[in-house]
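Comments concern the structure below.
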Amino acid sequence: MTDAAGDARPVAIVGAGSIGVAFAVLFARAGRAVRLIDPVDGALDRAAVDVAERLALLDEHGLLAESIAVVTARIGFTADLAAGVAGAVLVQECAPERLDLKRDLVARIGEAADADAVIASSSSAIVPSAIAAELPSSIADRVIVGHPGNPPYLLPVIEVVPTPATRAEAVDLAVDVYRSAGLRTVLVRREVEGFVFNRLQGALLREAYCLVRDGVASADDVDEVVRSGLGLRWSFMGPFETVDLNTRGGIAAHAERMGPAYERMGAERGQRDSWTPDLVARVVAERRDILPLDEWNERVRWRDEQLLRLQALRHETAAPAGKEAT
């Protein structure tokens, strides 16, 4: 498999835990040669079992275009870091979320990998400039965070987070490699802890905990609101498109009607992040570039059709009466 630039070099994955295995499955399934690297005793044996189980599950659901054997053959396993990263177009670091560990590992990867290889950390919250701190510029200028949804072979989004010193060519190469594996890339334009994925997830979790703490709802009731309400819409739309389609007149009308209430809710939690007129105007402009208001009715119908399909699927997979779904 080659990326958009025609680069067919393998991908190296350092760390054979759950995320490392998931990346190996993702790239091998897409046709890319993969080297899975881990020096810990027994780690590669466990990883081989995990790879087999995940590929079998994908195959069971008709999500493999090739045989399990063909996909598995693309994955090489090694404990030798230098040999594993040599010749790779991108090295995906999947070590535990510890800054000292990631710094040391990225430094060693940079010394052993090709001079143009992108070094991508799977960090969930640590910003890449912290990882690249004190590294020579020849290494630091190709360090990014490539933070996936988990597991990336089922959640096809990845955040690409450069440092201020990351070369544009390294960012472009990472984007090409990820897209060639079927991932949708989101460029995080400014380093913030947690990036976009975990900041959104964290905001919902903070309020969920507060609702339970304040006796407003049980933990399962909060989950029910998401799985039978918000989550259904969010499975194919984001929060901005959701509210854009919820109110005739689009997101501008929604902000005018609901903005004060949301501001009061935020203030109740000590969060005073007002939807200022210029901020609303910026989001409105971005939405109208995507969806002109004269196409609003058509898009609302599309939304309802997607929800109808989801309802039909949920009905088909519902547990028989008197039995709990697992």
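The values are calculated or read from the model by the stated rules, or taken from the named source; none is laboratory data. Computed from a prediction, not measured in an experiment: that's the story for all the values here. We place every Cβ from the backbone using ideal geometry, glycine too, and count neighbours over all the protein chains shown.
Tabulated data for the structure shown
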| quantity | calculated |
| --- | --- |
| Candidate set from the range 115-143 (those that are free of Cβ contacts under 8 Å to residues at least 40 places away in the same chain and assigned to a helix (DSSP H, G or I)); member that is surrounded by the most Cβ atoms within 10 Å (Cβ to Cβ) | Ala132 |
| Contacts under 7 angstrom Cβ, first residue in the range 210-226 being more than 18 Å from Arg269 (Cα to Cα), partner in a helix (DSSP H, G or I) and of a type in the set (A, V, I, L, M), 6 or more apart | Ser218/Val212; Ala219/Val212 |
| Search result, residues across the range 144-171 that are farther than 20 Å from Gln201 by Cβ and assigned to a loop (DSSP other than H, G, I, E, B) | Thr163, Pro164, Ala165, Thr166, Arg167 |
| So Val192, is it within 13 Å of the chain's Cα centre (by Cα), among the hydrophobic types (A, V, I, L, M, F, W, C) and within 22 Å of Leu99 (Cα to Cα) | no |
| Tally, over the range 66-83, of residues that are among the aliphatic types (A, V, I, L, M) and touching a residue at least 12 places away in the same chain (Cβ under 8 Å) | 6 |
| Residue match in the range 100-113 (condition: in a strand (DSSP E or B) and in contact (Cβ under 8 Å) with a residue 12 or more places away in the chain) | no |
| Evaluation of Gly231 against (1) free of Cβ contacts under 8 Å to residues at least 24 places away in the same chain; (2) exposed (fewer than 13 other Cβ atoms within 10 Å of the Cβ); (3) out of contact with any Gly (no Cβ under 9 Å at 6 or more places or on another chain) (one fails), failing number | (2) |
| Only one of Gly270, Gly259 that is assigned by TED's automatic domain parsing to the domain that holds Arg233, of a type outside the set (Val, Ile, Thr) and closer than 23 Å to Gly231 by Cα | Gly259 |
| Residue ID - surrounded by the fewest Cβ atoms within 10 Å (Cβ to Cβ), chosen from residues in the range 84-99 that are in contact (Cβ under 8 Å) with a residue 40 or more places away in the chain, farther than 15 Å from Leu26 by Cβ and touching a Ser or Thr at 6+ places or on another chain (Cβ under 9 Å) | Ala95 |
| Selection count, the range 172-193, where residues are part of a strand (DSSP E or B) and among the basic types (Lys, Arg) | 1 |
| Cβ pairs under 9 Å, 6+ apart, first in the range 291-309 and touching a residue at least 60 places away in the same chain (Cβ under 8 Å) and in the same structural domain as Ala252 (by TED's automatic domain parsing), second assigned to a helix (DSSP H, G or I) and among the acidic types (Asp, Glu) | Arg303/Glu241 |
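Listed here are the residues, each with its yes/no results for (1) of a type outside the set (Lys, Arg); (2) at pLDDT 95 or above.
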| position | (1), (2) |
| --- | --- |
| Gly250 | yes, yes |
| Gln271 | yes, no |
| Asp278 | yes, yes |
| Arg282 | no, yes |
| Glu286 | yes, yes |
